[in-house]
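The values are calculated or read from the model by the stated rules, or taken from the named source; none is laboratory data. All values reported here derive from a predicted model rather than from experimental measurement. Quick reminder, even Gly has a Cβ in these numbers, built from the backbone with ideal geometry, and neighbours come from all protein chains shown.
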Amino acid sequence: MIAQDMQGLLTRPEKTELHLKSGHNYQLMRVAQLGSGTPELAVVAGIHGDEPCGVRAIERLLDDRPTVERPVKLIVANEKALERRVRYVDEDLNRAFPGSPDATTHEGQLANRLVDELEGCLGFSMHSTQSHAEPFAIVNGLTDRATTLCPQLPVSAMVETSNFSDGRLFTEIETIEVECGLQGSETAAENADRLTRSFLTAVGALPGDTMARDLPIFRLTDVIRKHQAETYEVFVDNFRRVDPGSPFAAADGDAQVAEEPFYPVLMSPNGYRDVFGYAAEKVDVLQRPTAAD
Ligand SMILES: [Zn+2]
């Protein structure tokens, strides 16, 4: 089926083919391709079904059908959860990797299929949050690729999460994740589009130049848990240093106070069921290279 599609693409190299892959008896994910040949790049949206921004970015690419200098695979991952507008159907897909063909959950099977589909690709996976409006990148390690590509994206920070990467897509497939903005917002969808095009430009799939910027790097060090309560509050801003002695969050008015300095990341009152977010340390600031011309 893939060979057949590629034939079609070879004769009409600018035409995008959208083909459906089916799982057992329901559709698992949507896969399309820009350009011809075997892709080493993949743009992934909809790992979480209540984060539609990336899907919009992929649909826009499919409408525009830009001429690419390297083939790019486009994947809308959790269609079933997207249809229902929920984060997941059975379990969090971004905690379910590597998954298994015999998994008893929808996401367990989907994770396995996604790994197959993404084999040999550098992934670019789009998310959105309830915690922070400005885009930032999430990586599983400070690899050369990560430190070269992320400063070329319109992001304000890079977060290294290797201490908390169990079950995430980038434990199986080298992937740069981006948080595009606030869940469901128009701005997040526009950011997803800009981020995708910057990524595709940075890796040489789209023509043109990217703009490098100074980029602070944070490493997650702790999970900030929250107790069962009626109301939750967060008093601090993500990526802004919290000093020892500062109250940073509360559950039913019961404040948590920082013992050590830290940087909050992905902190929000109601974004997750049992955690406020994460504590991070600031590792470095990648300096923009001085202009050659
Ligand atoms: Zn997500």
The condition of being acidic (Asp, Glu), over 18 Å from Asn191 (Cβ atoms) and modelled with pLDDT of 95 or more holds, among Glu91, Glu59, only for Glu91
Pairing a residue in the stretch 178-204 that is on the phi < 0 side of the Ramachandran plot and away from the ligand (no atom under 16 Å from the Cβ) with any residue that is part of a helix (DSSP H, G or I) and of a type in the set (A, V, I, L, M, F, W, C), where Cβ atoms lie under 6 Å and the two sit 6 or more apart in sequence or on different chains, gives Asp193/Ala57; Ala202/Leu149
query: Would the stretch 57-71 turn up any residue that is under 16 Å from Val43 (Cβ atoms), among the basic types (Lys, Arg), over 17 Å from the mean Cα position of the chain (by Cα) and outside any helix (DSSP H, G or I)?
result: yes
How many residues of the stretch 157-189 are touching a strand residue (DSSP E or B) at 6+ places or on another chain (Cβ under 6 Å), assigned to a loop (DSSP other than H, G, I, E, B) and not β-branched (Val, Ile, Thr)? The answer is 3
Within the stretch 199-241, the count of residues that are closer than 18 Å to Phe136 by Cβ and more than 26 Å from the chain's Cα centre (by Cα) comes to 0
Per the filter on the stretch 62-94, residues within 16 Å of the ligand (Cβ to nearest atom) and among the aliphatic types (A, V, I, L, M) are Ile75, Val76, Ala77, Ala81, Leu82, Val86, Val89, Leu93
Only one of Gly271, Gly208 is part of a loop (DSSP other than H, G, I, E, B), loosely packed, with under 12 Cβ neighbours inside 10 Å and small (Gly, Ala, Ser), namely Gly208
Taking the conditions exactly as written (more than 21 Å from Met267 (Cα to Cα) and within 16 Å of the ligand (Cβ to nearest atom)), does Arg145 satisfy them or not? no
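Here's the yes/no breakdown for (1) in contact with a strand residue (DSSP E or B) (Cβ under 6 Å, 6 or more places away or on another chain); (2) in a loop (DSSP other than H, G, I, E, B):
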{"site": "Leu195", "(1), (2)": "yes, no"}
{"site": "Leu200", "(1), (2)": "no, no"}
{"site": "Asn238", "(1), (2)": "yes, yes"}
{"site": "Pro244", "(1), (2)": "no, yes"}
Of the candidates Thr221, Thr196, Thr231, the one satisfying the condition of being modelled with pLDDT of 95 or more, touching a helix residue (DSSP H, G or I) at 6+ places or on another chain (Cβ under 9 Å), surrounded by fewer than 18 Cβ atoms within 10 Å (Cβ to Cβ) and of a type in the set (Val, Ile, Thr) is Thr221
All-but-one check, Pro151 against (1) out of contact with any strand residue (DSSP E or B) (no Cβ under 8 Å at 6 or more places or on another chain); (2) within 29 Å of Ala205 (Cβ to Cβ); (3) more than 16 Å from the ligand (Cβ to nearest atom), failing number (1)
Across the stretch 75-87, the tally of residues that are surrounded by 15 or more Cβ atoms within 10 Å (Cβ to Cβ) and more than 15 Å from Val44 (Cβ to Cβ) stands at 2
